[in-house]
Amino acid sequence: MTNQPKHMVLLLLASLAGIAACADTGSAQDDFEADAKRLVTALQLHAGQTVADIGAGHGELTVALAREVGPSGRVYATEIDQDRLRDVRQAADAARLENVSVIEAHATRTNLPDQCCDALVLRKVYHHFDRPELMNASLRQSLKPGGLLAIIDFQPDGKESADPVNRDTGDHHGVTSETVVRELTRAGFEEVTTEDGSGRSGYIVVVRRPL
């Protein structure tokens, strides 16, 4: 490479960087698609249902869920960050979806209408809750009686923090499925199933709001 003109070397490096970025993007997209399939199966989602994507990020999962429930269904996408809210709207517009409603949430409440949803999903969001008891109460209020809540998250690398505030830092990063089930049960949910997952792909916990 040392014999190549400088501009050719720079072009080659830029090309390699672009290939790596595309690979990372493709891998992330594959993760979202795989998780969408897991959620569709776990929640038995079908056309016409109303679902909320809590902590929707850039909107990848929102788009997948909106396609699953179809034009007769509805997906609420919630976020607390203005940039992320814009990202979700842009993702829905780019996918030409008209069944997505974007809602600004709060750290301790969903800001969804009461009993609006057949199902709620949280993908790698639960461990960020500083006050899970307040958010869990809000999640329950957002579900119809009999509605399902699915949480995908991952185990901490080290010992789990006893304080929820520290669940998104350092070796404490993450939350165990046992803790998720325990906290949701305290909030009045009934456990339906828990499926283990390896590494950062995460486990999935499904609970129900009682009738």
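Kindly establish whether Leu211 is open to solvent by 60 Å² or more (accessible area, probe 1.4 Å), more than 26 Å from Lys37 (Cα to Cα), in contact (Cβ under 8 Å) with a residue 60 or more places away in the chain and not polar (S, T, N, Q). When the stated conditions are applied, Leu211 passes them.
Restricting attention to the stretch 181-204, which residues are hydrophobic (A, V, I, L, M, F, W, C) and assigned to a loop (DSSP other than H, G, I, E, B)? Before the answer, list the steps.
Restricting attention to the stretch 181-204, the residues satisfying the condition of being hydrophobic (A, V, I, L, M, F, W, C) are 181, 184, 187, 189, 192, 204.
If the condition is that a residue be hydrophobic (A, V, I, L, M, F, W, C) and assigned to a loop (DSSP other than H, G, I, E, B), then Ala187, Phe189 are the ones that fit.
Scoring Ala119 on the criteria (1) crowded, with 18+ Cβ neighbours inside 10 Å; (2) more than 15 Å from the chain's Cα centre (by Cα) leaves a single failure, condition (2).
Considering only the stretch 161-180, how many residues are at negative phi and either of a type in the set (Phe, Trp, Tyr) or part of a helix (DSSP H, G or I) (or both)? Talk me through it step by step, then tell me what you get.
Restricting attention to the stretch 161-180, the residues satisfying the condition of being at negative phi are 161-169, 171-173, 175-180.
Narrowing the set further to residues that are either of a type in the set (Phe, Trp, Tyr) or part of a helix (DSSP H, G or I) (or both) leaves 164-166, 171-172, 177-180.
Going through the stretch 161-180 one residue at a time, the tally reaches 9.
Count of the stretch 69-88 residues, restricted to those that are closer than 23 Å to Asp35 by Cα and more than 16 Å from the chain's Cα centre (by Cα), is 7. Where strands (runs of 3 or more DSSP E) sit wholly within the stretch 52-137, those with at least 2 residues that are among the hydroxyl-bearing types (Ser, Thr, Tyr) occupy 74-79. In the stretch 156-208, which residue that is hydroxyl-bearing (Ser, Thr, Tyr) and open to solvent by 20 Å² or more (accessible area, probe 1.4 Å) is nearest to Asn136 (Cα to Cα)? My answer is Thr185.
Could you say which residue among Glu104, Glu98 is within 21 Å of Leu65 (Cα to Cα), in contact with a Ser or Thr (Cβ under 9 Å, 6 or more places away or on another chain) and surrounded by fewer than 16 Cβ atoms within 10 Å (Cβ to Cβ)?
Glu104
Of the residues in the stretch 6-28, at least one is among the basic types (Lys, Arg) and at pLDDT below 95. Restricting attention to the stretch 136-155 and to residues that are without any contact (Cβ under 8 Å) to a residue 60 or more places away in the chain and within 12 Å of Tyr126 (Cα to Cα), the residue that is surrounded by the most Cβ atoms within 10 Å (Cβ to Cβ) turns out to be Ile151. So which residues in the stretch 45-95 are among the hydroxyl-bearing types (Ser, Thr, Tyr) and surrounded by fewer than 19 Cβ atoms within 10 Å (Cβ to Cβ), if there are any at all? Of everything in the stretch 45-95, just one residue is among the hydroxyl-bearing types (Ser, Thr, Tyr) and surrounded by fewer than 19 Cβ atoms within 10 Å (Cβ to Cβ), namely Ser72.
The values are calculated or read from the model by the stated rules, or taken from the named source; none is laboratory data. Predicted model, so just to flag it, every value in this text is computed and none were measured. Ideal geometry is used to build each Cβ from the backbone, glycine not excepted, and the neighbour counts take in all protein chains shown. These area figures cover heavy atoms from the full protein model, side chains too; ligands, DNA and RNA do not enter into them. Shrake-Rupley method; radii C 1.70, N 1.55, O 1.52, S 1.80 Å.
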